[in-house]
């Protein structure tokens, strides 16, 4: 009885963690490469969710409609990332962080209202794809298949990200851009292209996670500013710019939140914020990150 | 230089003080909102513009002040004259503790830790039902006892909220004057040095962190005062006041007015509150408009309104001389 309760808290925490990882990994990439906290990342996630709902209305009758809608949403958000980076973000790289932060906040304001304008303020929901709508009994609990699927997607993306960053030519360029932008530029690499690529990839991930969350969470206005704070905490705990750091940061966040609710019901929110503050004080670059120059 | 001697604070204050008589109740409401926001934004600018610290959690100190004053006046029924300074003190203490850690970090990490502290305050306000009322907030904070004002000739027939308005703008005028003195003092000059070149400031013997911390505490204190007034003005304190997006809003105010000038943020507060009223009359998409204004500011007018006017003035004067 008690152990099945613990197990279901553990699994709940892990599912939360994998979603957060999907969102936070993009935030962390953009921070690691461009040294910018992208508040609009939460808005990209929200747009991903709304676009997935929209895609479901078009593709639902088809086989694999949910997956088409998910790809559509992630691709569209990636495209939006491309436009934003090329048109605006690009000219802010040399500016003070105040302007960069406020620029991404301006996007939060604008995209939030665009979503309200297009999809209204009501709750929307997407049904679980038929193949994953069942549930599987485990250790005296019943786990929805879709959640288990998410538990596979998270590590898959983490592995892919790690592989791309550490085992490919593109990844080598990205790591070089993290270390010394000017030097890479002077060596003749197209740093602008790397930045654009990273921003688009990060937006794609945000859109993907927004789309994947729709079967288990309803889509509401305001989900953008709520999620960005959580993703931000995860990235701070794990270390800005570190892919595995973000992964373990999500796992820690999920478990602290999940078990915090059991121990202090009203202070589990407080406990994650306090954890973030302690980490920022002791190791500002996070558990797995490296200090900035 | 004689133009600089005009006591602008006094003139604006005297003008604002006539609003309950010459304007509508709504005008008084707007003026009070503007005055409180102006104090809040100017206190932020002591960090943003004067000291060069990008604090993304200034709303925490506003919130601590608002909750401290509200709790003391409502739950403990203390008079305003005790609750108000106590609110400033609470904000100052919290700024001292959190600032001690924040100023150890540089740039983006500083911004992140201030944001983290403000979210901690939010989580406490949102969840600690016994003290802060949780998500219900603290409604019905009483007005201070203003009977003494009624005995002053000419003020007796005003409504309580108009009397409180007069008290609030008097307090705000004093606070702004103090903040102005601080930025003009040798202390303020050192803060500017720290902003422009922390390494060099350290070489000439300035304890950079101590000065940054001092600026952080002063800014937090005045934000606390603004919060205390705001809680009474809006007849309640709610956790929404402390959410991180509010910090961004007050930054936009400061930037809109111009962070390079002491009075910039108050002009920004005036412009933003007024714009908000005007635009929400015919569309519900105020955030969209605000975001667009912010984009225009960032890409076209980074100096804000006052900065833009200042440049214009310099250009006109230069042309006349030539």
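Rule-based calculations on the coordinates, nothing more; no lab input. All values derive from a computational prediction rather than experimental measurement. Cβ: placed from backbone, ideal geometry, glycine included. Neighbour counts: every protein chain shown.
With the contact rule set at Cα under 8 Å and sequence spacing of 6 or more, what percent relative contact order holds for region A:2-282?
Numbers: 416 pairs, mean separation 108.9, N = 281.
RCO, region A:2-282: 39 percent.
As a check on your grasp of the helix formula, calculate [θ] at 222 nm for chain B: sum -39500 (n - 2.57) over DSSP H runs of n ≥ 4, divide by the residue count, round to the nearest 500.
Calculated mean residue ellipticity at 222 nm is -24000 deg cm²/dmol.
Give the average over all directions of the projected area of the C-alpha convex hull of chain A, one decimal, in nm².
Working: hull surface 64.9 nm².
Over every viewing direction, the Cα hull of chain A projects on average to 16.2 nm².
Would you calculate a helix-derived [θ] at 222 nm for chain A, using -39,500 (n - 2.57) for each DSSP H run of n ≥ 4 and dividing by the full residue count, to the nearest 500? Working shown, then result.
Details: 11 runs with 213 residues, N = 293.
Only helices count here, giving -25000 deg cm²/dmol.
Name the most mobile residue of A:94, A:241, A:192, meaning the one with the largest mean-square fluctuation, in a Gaussian network model of chain A with Cα contacts below 10 Å.
Its mean-square fluctuation being the largest, the pick is A:94.
Shape verdict for region A:1-66, please, from the Cα gyration tensor: rounded (a/c under 1.5), prolate (a/b greater than b/c) or oblate. Before the final figure, lay out each step's value.
Values: a/c = 3.20, a/b = 1.10, b/c = 2.91.
It comes out oblate by the Cα gyration axes.
Could you work out the Rg to Rh ratio of region A:196-265, with Rh taken as the Kirkwood radius (inverse of the mean 1/r over all Cα pairs)?
Using Cα coordinates only, the ratio equals 1.01.
Send over the per residue convex hull volume for the protein assembly as shown, Cα only, as a whole number of Å³. Spell out each step's value before the answer.
Values: hull volume 113.3 nm³, N = 615.
Output value, Cα hull per residue: 184 Å³.
Taking every Cα atom in chain B, find the radius of gyration and the maximum pairwise distance Dmax, and write them in Å.
According to the Cα coordinates of chain B, Rg and Dmax are 19.9, 69 Å.
For peptide B:124-135, how many partner chain Cβ atoms fall within 10 Å of a residue's Cβ, on average?
Numbers: counts 5, 0, 3, 7, 3, 1, 1, 0, 0, 0, 1, 0.
Partner-chain Cβ atoms within 10 Å, mean over residues of B:124-135: 2.
With a 10 Å cut-off between alpha carbons and a GNM built on chain A, which of A:47, A:132, A:82 moves the most?
Ranking A:47, A:132, A:82 by mean-square fluctuation puts A:132 first.
For chain B, what does the relative contact order come out to in percent, with C-alpha contacts under 8 Å and a separation of six or more? Intermediate results must be reported in sequence, preceding the final value.
Numbers: 471 pairs, mean separation 100.0, N = 322.
Relative contact order comes out at 31 percent.
With chain A treated as a Gaussian network of Cα nodes joined by springs under 10 Å, which of A:214, A:168, A:145 yields the largest mean-square fluctuation?
Of A:214, A:168, A:145, the most mobile in the Gaussian network model is A:168.
Normalised by the residues of region A:171-290, what does the relative contact order come to in percent, with Cα pairs under 8 Å and at least six apart? Display every interim value, and only then the final one.
Working: 86 pairs, mean separation 25.8, N = 120.
Once normalised by length, the contact order is 22 percent.
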